[in-house]
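Worksheet for the structure shown next.
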Amino acid sequence: MEHDAHAPPTAAQELGDASASASVVDDWARDEDTEPMAVDPHHAAAAAAATATEDGEGVADAAPPAAPAEDVTEIQSSLQSLELKTNAAAHEDAQEVVEEEKETKRHLNVVFIGHVDAGKSTAGGQILFLSGQVDDRTIQKYEKEAKDKSRESWYMAYIMDTNEEERLKGKTVEVGRAHFETETTRFTILDAPGHKSYVPNMISGASQADIGVLVISARKGEFETGYEKGGQTREHVLLAKTLGVAKLIVVINKMDEPTVKWSKERYDEIESKMVPFLRSSGYNVKKDVHFLPISGLLGSNMKTRMDKSICSWWDGPCLFEVLDRIEVPLRDPKGPVRMPIIDKYKDMGTVVMGKIESGTIREGDSLLVMPNKTNVKVIGISLDEHKVRRAGPAENVRVKLSGIEDEDIMAGFVLSSIGNPVGAVTEFNAQLQILELLDNAIFTAGYKAVLHIHSVVEECEIVDLIEEIDMKKKKEADPKKKKPKRKPLFVKNGAVVVCRIQVNNLICIENFSDFPQLGRFTLRTEGKTVAVGKVVAIPPAGSPTFSA
C-alpha cells in the first residue's frame, strides 16, 4: 500500500540523537560547577585581577586582558550550545514520557471482512474520518475524485483504498492498514479484500487481527449473494475463526438504503440467518459475537448512538462503544519472542514488518531469524510511524535489523528468541476439518493443496491419514473403553481427520497447544478453502522430520 511505502525515520539517526543527548547530559554534569562563573565576563575578569593583586604579584604579571576576554567568549559560546543541547535532551525525554503514556493504552488489531461490495473500505474510511485521522479537505478531494469517476458513494472507501486499480474498480486488492484511537484503546484497522480472487491477501490480514468486524450489506439481494454457497461471507467467517479472530462484531451495513430504510424486519432476518451459521463455525454467539446496524456512508451508529428519529427500535451501543468494551485474551510479554515476518524492505539497513505474537522485542536485542538460523541485532523499532524502545505482544511493528540482508528474508520467516527458537520443519501432524472438497476430489494420501499458516504460503501434500475422529462419539466415549484407532483410506466432506502433512521447504510452526497463532492453518485448492486445521505434533527440536 502507498502509505506503507513511506520509509520511517532511520534508526541510525535515532541512535545518533540518543547517544548525542547522553553525552550532553554527562558534559552538563561536568560543567555544572563552571556555569555560574561564566555568567558575567566582566565579573570574571575583575575577580581574576583582584586575586592576582591579593597574591602580591605585580599588575604587569597579570595575564593580558585580551586573553581572558577570548576565553570568556569561548566559554559563553560553548555554554550556549550546551544549553541548546540540554533543551534538546529534555525535549527527547519529554517525548519518551509521551511514548510511555501511549503504551498504557491497550492495542488491538481489527480486520474488516465480508463479501465484496458489503462496504468494508467505506466503513473503515468513515471510522478514520470520525476519529479525526482525516481532515475535511482530504474528504472533499476524494468526493471530487469519486464524482469524476461517476462513483459518488465510493469517496469514503478512497481513504482505505489508496492505489489507482482499487479506486478504479472499487475493489480492495491488498490489505489496507490505518490507525485510530479511542479513549482507552489504540486500534490498527486491517481492511481485507472481499473478492474471492484475493482471499490469500485476506488470510494474511486476518492472521494479524485480534478482533474481526464482519460487514454485511442489508441491501436486497446483496446479503443473499454473500451468504449463499460460494459467497465470501461464509468463507471469511470460517477463515477468521481458523486464523484466530476470537471476537466478531457483525455490522449490518447500508441500513440507510432505499430498499431497507432502517427496517427492523430486514435486520432481524439477517441476524436469524447468521446466528446458526456463526455457531456452526465455532463462535460462541452469546459471548464472542455482537450484532449492530450501521450506515458506513453516513456514519450512523458509528461514533455516536443512533438518533431515535432515524431508527426508533435500536437501543443498543454504537460501534465505537462495542470496540472499546471488547475483551481479548492477553498474551505473554515475558514469553519467548515470536514474530512472523509479513514483509521486508531496505532502508539504511534491513527492516522487517510483522505482528509480535509472543514476548517483547527491545532495541539492542540479539535474536534469530528462522528457519535460516541467522543471528541478528535489533537496531530500531517503529510502531505506527513512531519510534519506540520496545514493543510487546499483539503490536504491529517494523523492526530494523543488522546482520542480515533483505534478500535473505522471505515472508513467513519468524523472528524468534535465541534461547527458545521456533521449530523449523518440513512435515507435521495436524487435525483437519474437511469443509468442502472440489467436485470429484477424494481426500486421501497424495492429496495436494496450498497451506496458509500465519504468513507462510507453501504447497503441501497429505502423506498419511492417521485416524478419523468421530466428533459425536468423542464427546460420549468413555476413555477407559477406548477402541483401537481407525486408519482410514480416504475421508469425505465434513470429516475430522488426523493426518501427516509434508512441505518442500522448511517452515516455522508451533504446536497449536503452545502457540495458537503459529499452529492454526487453512488448506486451499484452486481458489477455494477445502479444510481448516491445527498443528498437533511437530518433529523433535532440531529435526525437520519425524524419524522413521
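The values are calculated or read from the model by the stated rules, or taken from the named source; none is laboratory data. Note that the structure is predicted; figures quoted are calculated from it, not measured. Cβ atoms come from the backbone with ideal geometry, glycine included; neighbour counts cover every protein chain shown. Note: accessible area is taken over every heavy atom of the protein model, side chains too, but ligands, DNA and RNA are not part of it. Shrake-Rupley method; radii C 1.70, N 1.55, O 1.52, S 1.80 Å.
Go through the residues of segment 397-409 one by one and say whether even a single one is without any contact (Cβ under 8 Å) to a residue 24 or more places away in the chain, open to solvent by 30 Å² or more (accessible area, probe 1.4 Å) and either outside any loop (DSSP other than H, G, I, E, B) or out of contact with any His (no Cβ under 9 Å at 6 or more places or on another chain) (or both).
yes
In segment 423-461, which residues are open to solvent by 40 Å² or more (accessible area, probe 1.4 Å) and aromatic (Phe, Trp, Tyr)?
none
Tell me, which residue of segment 371-395 that is within 19 Å of VAL422 (Cβ to Cβ) and under 20 Å from the mean Cα position of the chain (by Cα) is surrounded by the fewest Cβ atoms within 10 Å (Cβ to Cβ)?
Selected residue: GLY392.
Report, by residue number, each residue of segment 369-389 that is outside any strand (DSSP E or B) and among the basic types (Lys, Arg). First the steps, then the outcome.
In the first step, residues of segment 369-389 are kept if they are outside any strand (DSSP E or B); the result is 371-373, 384-385, 389.
Matches in segment 369-389: LYS373, ARG389.
For segment 341-349, does any single residue satisfy the condition of being of a type outside the set (D, E, K, R) and more than 30 Å from ALA157 (Cβ to Cβ)?
Start the filter on segment 341-349 by keeping residues that are of a type outside the set (D, E, K, R), which leaves 341-342, 345, 348-349.
After this cut, where a residue has to be more than 30 Å from ALA157 (Cβ to Cβ) as well, the list is 348-349.
Yes, there is a match, as at least one residue in segment 341-349 is of a type outside the set (D, E, K, R) and more than 30 Å from ALA157 (Cβ to Cβ).
For segment 533-542: of the residues being open to solvent by 20 Å² or more (accessible area, probe 1.4 Å) and touching a residue at least 24 places away in the same chain (Cβ under 8 Å), which is nearest to ILE453 (Cα to Cα)?
LYS534
Kindly list, by first and then second residue, each pair from a residue in segment 509-529 that is small (Gly, Ala, Ser) to a residue that is at pLDDT 85 or above, limited to pairs with Cβ atoms under 7 Å and residues at least 6 apart or on different chains.
Close Cβ pairs satisfying both conditions: GLY519/ILE509; GLY519/GLU510; GLY519/ASN511; GLY519/PHE512; GLY519/LYS534; GLY519/VAL535.
Restricting attention to helices (runs of 4 or more DSSP H) lying wholly within segment 240-342, give those where 2 or more residues are touching a strand residue (DSSP E or B) at 6+ places or on another chain (Cβ under 8 Å), surrounded by 20 or more Cβ atoms within 10 Å (Cβ to Cβ) and of a type outside the set (D, E, K, R). I'd like the intermediate steps shown before the answer.
Working: elements: 264-280, 285-288, 319-325.
So the answer is 264-280, 319-325.
Of the conditions (1) closer than 30 Å to MET156 by Cα; (2) within 19 Å of the chain's Cα centre (by Cα); (3) surrounded by 20 or more Cβ atoms within 10 Å (Cβ to Cβ), GLY359 satisfies every one except a single condition; which number is it?
(1)
Kindly indicate whether GLY494 is under 19 Å from ASN440 (Cα atoms) and part of a loop (DSSP other than H, G, I, E, B).
Yes: the conditions hold for GLY494.
Is it the case that ASN505 is under 25 Å from SER416 (Cα atoms), at pLDDT 90 or above and open to solvent by 40 Å² or more (accessible area, probe 1.4 Å)?
When the stated conditions are applied, ASN505 passes them.
For segment 126-135, state whether one or more residues are open to solvent by 20 Å² or more (accessible area, probe 1.4 Å), more than 22 Å from the chain's Cα centre (by Cα) and at pLDDT below 85.
Looking through segment 126-135, at least one residue is open to solvent by 20 Å² or more (accessible area, probe 1.4 Å), more than 22 Å from the chain's Cα centre (by Cα) and at pLDDT below 85.
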